[in-house]
Every structure is written in C-alpha cells, then in structure tokens.
Amino acid sequence: MDLPPHFHFRHCRAVEFSDTDLAGIMHFANFFRFVESAEHAFFRSLGFRVHTTDGKLQEGWPRLEVSCTYRKPARFEQVLEICLRIEEVRTSSLRYTFWIFVDGDPTRTLLAHGSFGIIHVELDSAAHQIRKTPVHDDLRAKLAAVMAPPASAS
C-alpha cells in the first residue's frame, strides 16, 4: 500500500493493559478509540475542540462512516503512532484517513489503516434536535492551510 507523501497530523499513545485482552493484544474496537484520541489532539492543535457547549447549544462531530483494515496486532505497552490525513472538507462534513504504526519501529510496520467520515452538528437540548451545520469558516481556513501542498524546495 502506498502511503501519502506526508501526513497532516501525528499523535502517539501507549497501549494500556485495559486496552487489551489477557494475552496482551489490543481489542479491535480500541483502534477506533486511539484514532479518536488523535482526532481530538488534531482539533486542539488547530485551536478547536470536537465538542463545545455554551449552556444551551452544543456542537459536535458524530460519525457518518468508519472503516479499518487490520494488518497486525497492537500489544500491551507498545506506543502507537497514529497518523491522520484530511482528505476532503465539504460544507458540513469532512473525511480523513488514518494509519497506525508502532512508534519507533525502524521497519515502519503498518498495524492498521482506514478512514472516518464525520459531520458537524448542533445539538439543541431545549428543542431536543440535532441538525447538521456548516463547518465554521475559521476551522475551514485552518483545514485548508493544513491540506495545502508543502512549498517546493528551490
């Protein structure tokens, strides 16, 4: 599998015992938790959060679709490197791909890869409504800057 020439974000996290079964192998669903952890860190790096509230109105990013192909198991006490790449920003949603490696592995063995499709919503707790809303312009601008190809070396 060809990896993209660069990732937009890199996040590391250790596999805890609670992430694993008795054999020390990470449960498949926890790969998604690790990717979400990287997603939250990515949003924070841009000055945003994946969930906000002003008391009445809340905003968030629920999942539209997720996929993951597992290549190798992750094990207790490994530090995983989760790499994200924003693939598409639409009016109210975005899609990103992810790759998970063992941090520091000189062979850069791929453990898992996949994608998330997420949508920006407002939750009006008083009216008990959830509605999709456009991605804020300031976040859109930061995502566009992240997605811009790197400047060519002269």
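Using Cα atoms only, what is the angle between the long axis of helix 137-147 and the major principal axis of the chain, expressed in degrees (0 to 90) to the nearest 10?
That works out to roughly 30 degrees.
Given points 7 Å out from each Cα along the Cα-Cβ axis, report the residue 95 to residue 136 separation in nanometres with one decimal.
2.6
Using a Cα-Cα cut-off of under 18 Å, which aspartates and glutamates could be cross-linked to residue 132, ignoring same-chain neighbours fewer than 8 residues away?
Cα-Cα hits under 18 Å: 54, 59, 65, 88, 122, 124.
Would you grab the residues whose amide H sits under 5 Å from the one on residue 103? Only those 5+ places off in sequence or on another chain, please, with H modelled 1.01 Å from N.
Here the answer is 79, 80, 81, since their amide H atoms fall under 5 Å of that of residue 103.
Given R₀ = 41 Å, what would the calculated FRET efficiency be for residue 53 paired with residue 147, taking r from the Cβ atoms and rounding to 0.05?
0.90
Points 7 angstrom from Cα along the Cβ direction at residue 7 and residue 107: gap in nanometres?
1.9
Might you report the magnitude of the Cβ-based charge dipole of the chain about its Cα centre, with Lys and Arg at +1 and Asp and Glu at -1, to the nearest 20 debye?
Using Cβ point charges on Lys, Arg, Asp and Glu, the chain gives about 200 debye.
What is the log10 of I(q)/I(0) for the chain, computed with the Debye formula using one identical point scatterer on each Cα and no solvent, at q = 0.08, 0.11, 0.16 Å⁻¹?
Taken in order of the listed q values, log10 I(q)/I(0) reads -0.27, -0.49, -0.94.
Is it possible to state the helix-based mean residue ellipticity at 222 nm for the chain, with each DSSP H run of 4+ residues giving -39500 (n - 2.57), the sum divided by total residues, to the nearest 500 deg cm²/dmol? What is it?
So the calculated ellipticity at 222 nm is -6000 deg cm²/dmol.
Quick check: pseudo-label points 7 Å beyond the Cα along Cα→Cβ at residue 79 and residue 28, how many nm apart are they?
Between residue 79 and residue 28, the label points sit 2.9 nm apart.
With unit charges on the beta carbon (Lys/Arg positive, Asp/Glu negative), name the residue among 110, 47, 99 whose Cα is farthest towards the positive pole of the charge dipole of region 34-139.
110
A short reminder: the numbers here are calculations on the coordinates, not readings from a lab. Fair warning: this is a prediction, and the values are worked out from it, not measured in the lab. Note: ideal-geometry Cβ built from the backbone for every residue, glycine included; neighbour counts use all protein chains shown.
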